[in-house]
Amino acid sequence: MPWMPRSAARFPGIAQLALLGVAFSAGCARDTPLAENVLLISIDTLRPDHLGCYGYGRETSPNLDALCREAVVFDQAISHAPSTLPSHASMLTALLPDHHGASFANRRPLPREVVTLAEVLKDEGYRTASFNDGAQIARKWGLDQGFDLYQVNRDDADTFDRVVHLALEWLDHEPGRESPFFLFLHTYEVHHPYTPSRENLERIQADPYDGWLGDAVEVRELNWIDEGRRSVAPADLEFIRAAYDAEIRSMDRALGRLLAGLRDRGLLESTLVVLTSDHGEEFGEHGKIGWHSHTLFDELLRVPLVVRFPAERWSDRRVQRQVRLIDLAPTVIDALAVPAPEQWQGVSLVRLLRGEEMKPLLAASKIDHERDRRVHSLRTGRWKLYRDRLYDLQRDPEELYDFSSGRLELVEALKARLAQLTAGGRVGTGEPLQLDPETVERLRALGYL
């Protein structure tokens, strides 16, 4: 009997979504699993074009680059929101923001009616744990659904190394180690403020910097820049990029330790490893520096997606086709030969790797704090509709020119498809949250308040 979401009876909208053609089947589970365990890693605010395996010139990510050589690398993976909570909610629920309803700007947590990846795997007998940096994905926002353990790193330093330490400790001491596990790790280390160590910064910088920013890039300084209160010389912008890259370098060292730890414990070859991000970061492409959440341009929506299957199946493979973060959970489910909830949107990318015929995957995205239909975008792979402008991503990858003139039929077709994809209402309605002082302090440190 196929697995059915426990929330199905409480969510009549599932049927409505299906009738609209929005809830795509994740595919029937295979008889033979491709993996036993799952490790999902989210590096908050990580741009793919700042990684060696995506063509970056600086040596920011040697360990991730090595992982890419053993994995499938998706070159056009698109997020559904340029902000942390709604993007992670889409990642873990295979639902668009319009349907899962989680919103930091509106202080709404993920509704309990939504079925998460962790809930599916817990029901299948998996041990489920998350070690993360909290703030917009703290327990109160509802992303803890289905986790046996959901532990927020309360260390003063937002380092991935600390998260890795907690995860390896859990693998060594968690009871019931004979059962498979789902482990979700998250870090804000790459997120502003950019406060890299001198060692990592010196490995990245070509020349020393002696400008007004000093040795780090604080949130208040980025605010001064974006509010026009401080001017930015080319050397200042170069230092901001270098500080961001140095944070990636630090994260990458911890990633190497994590992968070595799995290998030493005999777990790597039975574990599906997925690394991605919730969104990118802007460095002046469309007006702001060191910021996100405010536009739907590709510097914020395009994210890395690296999937390593056991036995290096499909290793060192590049996928050029557009995929979405709502496809992540269905891909995991398919690789484990576990039936997927009918509630989920998206498709399994295992089908793509097996060579099955698949329709183009349209990526609908939304700015968290806006309700206007124009602050959605729809990306086809070549075309993007955003704020009634049409961008040709092949001819204009920087998204500077409007190509809608003479293509009104295409614009209207994309508008109609976007309306269809985002129709159907939310799965449930979470009560607005009151933020406690500890959460407020954490969010303020990250520049969210």
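Taken together, the values in this text are just the output of simple stated rules run on the coordinates, not laboratory data. All figures in this text were calculated on a predicted structure; none of them were measured in a lab. Please note: Cβ atoms are built from the backbone with ideal geometry, for glycine as well, and neighbour counts cover all protein chains shown.
Assorted remarks:
- Pairs of Cα atoms farther than 16 Å apart, the stretch 347-449, %: 70 percent
- Three semi-axes of the equivalent ellipsoid, the chain, Cα gyration tensor, whole Å, largest first: 31, 28, 22
- Long hydrophobic helices in the chain: the complete DSSP H runs spanning 27 Å or more by Cα along their own axis with mean Kyte-Doolittle hydropathy of at least -0.5 are 234-264.
- Based on C-alpha pairs under 8 angstrom that are at least 6 apart in sequence, the chain has a relative contact order of 30 percent.
- The chain - charge dipole about Cα centre, Lys and Arg +1 at Cβ, Asp and Glu -1, debye rounded to 20: 1420 debye
- Among Ile248, Ile43, Ile225, the residue with the largest mean-square fluctuation in a Gaussian network model of the chain, with springs joining Cα atoms closer than 10 Å, is Ile225.
- For the stretch 312-368, applying the loop criterion from DSSP together with a ceiling of 12 other beta carbons within 10 Å to the GluC sites (Glu not before Pro) yields Glu356, Glu357.
- For the stretch 353-439, trypsin sites (Lys or Arg not before Pro) meeting the loop criterion (DSSP other than H, G, I, E, B) and having at most 15 other Cβ atoms within 10 Å: Arg354, Arg371, Arg382, Arg387, Arg395, Arg407.
- The stretch 145-178: trypsin sites (Lys or Arg not before Pro) in DSSP coil with no more than 16 other Cβ atoms inside 10 Å: Arg154, Arg177
- Ignoring lysines fewer than eight residues from Lys122 along the same chain, the ones with Cα atoms less than 27 angstrom from its Cα are Lys140.
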